[in-house]
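Worksheet for the structure shown next.
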Amino acid sequence: MPGRTAIGLDIGTSGVRAAELSYGRGGITLDKFGQVALPEGAVRDGEVVDRAIVADALKALWKGSGFTGKRVALGVANQKVIVRQVDLPWMPASELKESLPLQVQDFLPMPVEEAVLDFHVTEELYEEGQRGLRGLLVAASREMVMSNVQAVEAAGLRVTSVDLNSFAVLRSVGKPNTEVATEVLIDVGARVTNLVIHSDGHPRFVRVLLMGGQDVTDAVAERIGVPTNHAEGLKRGFAAELDEREQQLAGSAIELMQEVFVDEIRSSLDYYGVANPRFPVERIVVTGGGSQLHGLVERLEHVTRRIVVAGRPTDGLHVGRTGLDDQQLESIQPLAAVPVGLALGVIS
């Protein structure tokens, strides 16, 4: 049986990333992974602003990484994506898809005709003799989705599916296991953080936070008056000549932004816990470039009182001729969760 291939494409604030997977009798193989940086402002909070710049970056990504296909699964996550838990009357899956616009229009902050809709069933309900469905309603601005799709198409690629980044993270690092019943996955990007809580691989709660690692960089740059590229180095702990006062200012900026970020995570967990007392969160799994910020894991553990571990999206995959050595493969672990998960959604 010939293998199938799929490419997952993540358009982030700071860069574009893609992963190519193939599926055959031997399992799933990571064949290619690549990324290309984007200039500030080309993508704002997960939404493409400058299509030409993004298209050029995608062309460079395909040329430099050797991807064999042009068909991609595209991920989205920004302020124009709404995810809510909704209860609906029970109906067959085929009827649910057709009637979804009529069923959910009262739950949306936008006209239903301007939204791209999806509904993920999490459980069936039986109350007072009535059968129902409980699930996660996903509504994305059609204009935003098409803007991102058009940037991809301008690079000569074809978008075959559009998926929520949170669900991609769930596929890549939220695999069912016997260690914990319910865990939260947190993918920390430059400006957008995806949070999804699942039980045994089934999503129960999703939230998109408009904050990430770049906010820490900006805070450091503003606090001590240095360019953002210099502040990025300070944030990552690179050596820099700073006097004692500047070191204190940089440290306090990082500390404050970490505190704000972790408080948002804690608030999300508290909100989820009130609505889902039967499925308490036992563990936190972090991915994304922003998750590598020094001290973040320790603060998360202290504030949430849960174990925090790093997600490894390539575990369980065979590694093909990616062109990456072992050190490079290890370095992409925090960055690969979304593109790998998007590709898994196509071939799994």
Exposed GluC sites (Glu not before Pro) absent: longest stretch of the chain, with sites in DSSP loops and at most 10 other Cβ within 10 Å deemed exposed: 1-127
Alpha carbon convex hull of segment 106-222, volume per residue in cubic angstrom: 181
Positive-end extreme of charge dipole, the chain - chosen from Tyr23, Gly323, Asn194 (charges on Cβ): Tyr23
Per-selection Kirkwood Rh - segment 81-141 (Cα, Å, 1 d.p.): 11.8
Which of Val43, Met91, Thr13, positive extreme of dipole for the chain (C-beta unit charges): Met91
Surface/4 estimate of mean projected area, convex hull on alpha-carbon atoms of segment 212-321, nm²: 9.5
Pair Arg266, Glu127: separation of 7 Å Cα→Cβ label points (nm): 3.2
Among Leu185, Leu137, Leu100, residue whose mean-square fluctuation peaks in a GNM of the chain (springs only between Cα atoms under 10 Å): Leu100
Reciprocal mean inverse distance between Cα atoms of the chain - Kirkwood radius, Å: 21.1
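Computed from the coordinates by the stated procedures, all read-outs in this text should not be read as laboratory data. Every value quoted in this text rests on a predicted model; they were computed, and no experiment measured them. Heads up, the Cβs are rebuilt from the backbone with ideal geometry, glycines too, and the neighbour counts pull from every protein chain shown.
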